[in-house]
1. Looking at segment 106-116, is at least one residue surrounded by 11 or more Cβ atoms within 10 Å (Cβ to Cβ), of a type outside the set (Ser, Thr, Tyr) and at pLDDT 80 or above?
2. What number of residues within segment 138-149 satisfy the criterion of being within 16 Å of Cys183 (Cα to Cα), touching an Asp or Glu at 6+ places or on another chain (Cβ under 7 Å) and in a strand (DSSP E or B)?
3. Of the residues Thr96, Thr131, which single one is hydroxyl-bearing (Ser, Thr, Tyr) and not in a strand (DSSP E or B)?
4. Here are Thr180, Thr171, Thr96: which of them is of a type in the set (Ser, Thr, Tyr), modelled with pLDDT under 90 and either surrounded by 11 or more Cβ atoms within 10 Å (Cβ to Cβ) or out of contact with any Lys or Arg (no Cβ under 6 Å at 6 or more places or on another chain) (or both)?
5. Does Ala157 satisfy being surrounded by 15 or more Cβ atoms within 10 Å (Cβ to Cβ) and either among the charged types (D, E, K, R) or in contact with a Ser or Thr (Cβ under 9 Å, 6 or more places away or on another chain) (or both)?
6. Going by the structure shown, is Ala146 over 18 Å from Phe115 (Cα atoms) and either modelled with pLDDT of 90 or more or surrounded by 14 or more Cβ atoms within 10 Å (Cβ to Cβ) (or both)?
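The values are calculated or read from the model by the stated rules, or taken from the named source; none is laboratory data. Keep in mind the model is a prediction, meaning the values are calculated, not measured. Don't worry about glycine lacking a Cβ; one is built from the backbone with ideal geometry, like all the others, and counts go over all protein chains shown.
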Amino acid sequence: MNSPQYQGPGPYNTPQYTAPLPPAPSPRKPSRAKAWVTHGAVAFVALLVGTGIGSSGEADADGKAGASAKPGPTVTATATATARETAKAAPAPTVTKTVTAKPKKTEKPGPPSTFSGDGEYLVGEDIAAGTYKTAGGDGSFGCYWARLKDASGEFDAIIANNNLEGPGRVTLNKGEYFQTKRCAEWKKAG
């Protein structure tokens, strides 16, 4: 169908051909945006016409309707909301979630980190392991301390001992016994 067509003899008895015509453009559908604009414009014009008709029958200064006002056709403009517009108007429901707080684990109190300057203590049970310091003796005699491997009271149970004239430090290990006499309070230093 797109081939050239014969038109008859030309001025010199030669056949004449014409170029094929381009295909006709297909009709376009109007876009949705254009349809909304068109419908919106029509609704706006209807609103103006309705307002104009409604205001033509205004009451005069005495509050009576004008005598020359004749009843005419009534134009009613109706606006409907789309599903999308009505969905926006409804608030979303409030959701409350209750969370119960878990109590923190309470650590059992360990052995104290300070103790009196007189007594015999099991390290790890009566007092905590670590390095302790004291200000020294609490009277006219010096401060005596001893680290012991057991509570037998035997001379060979002594690991280390000392007589302090002033401040001092000692490191105690878990499982040892610590004996102190005439000393100021011992405080954990590290």
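1. Yes: segment 106-116 contains one or more residues that are surrounded by 11 or more Cβ atoms within 10 Å (Cβ to Cβ), of a type outside the set (Ser, Thr, Tyr) and at pLDDT 80 or above.
2. If we filter segment 138-149 for residues that are within 16 Å of Cys183 (Cα to Cα), which is where we start, we get 138-147.
Next cut, touching an Asp or Glu at 6+ places or on another chain (Cβ under 7 Å) only: 142, 147.
Cutting the leftovers down to in a strand (DSSP E or B) gives us 147.
Number of matching residues: 1.
3. Values: Thr131 fails: not in a strand (DSSP E or B).
Sole residue among the options that is hydroxyl-bearing (Ser, Thr, Tyr) and not in a strand (DSSP E or B): Thr96.
4. Values: Thr180 fails: modelled with pLDDT under 90; Thr171 fails: modelled with pLDDT under 90.
Checking each option against the conditions leaves just Thr96.
5. Numbers: surrounded by 15 or more Cβ atoms within 10 Å (Cβ to Cβ): yes; either among the charged types (D, E, K, R) or in contact with a Ser or Thr (Cβ under 9 Å, 6 or more places away or on another chain) (or both): no.
Considered against the rule, which asks whether it is surrounded by 15 or more Cβ atoms within 10 Å (Cβ to Cβ) and either among the charged types (D, E, K, R) or in contact with a Ser or Thr (Cβ under 9 Å, 6 or more places away or on another chain) (or both), Ala157 comes out as no.
6. Working: over 18 Å from Phe115 (Cα atoms): no; either modelled with pLDDT of 90 or more or surrounded by 14 or more Cβ atoms within 10 Å (Cβ to Cβ) (or both): yes.
Taking the combined requirement at face value, the residue does not satisfy it.
Here is a yes/no grid of residues against (1) over 17 Å from Gly124 (Cβ atoms); (2) touching a residue at least 60 places away in the same chain (Cβ under 8 Å); (3) of a type in the set (Phe, Trp, Tyr); (4) not in a loop (DSSP other than H, G, I, E, B):
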| site | (1), (2), (3), (4) |
| --- | --- |
| Ala151 | no, no, no, no |
| Ile159 | no, no, no, yes |
| Gln179 | no, yes, no, yes |
| Lys187 | yes, yes, no, yes |
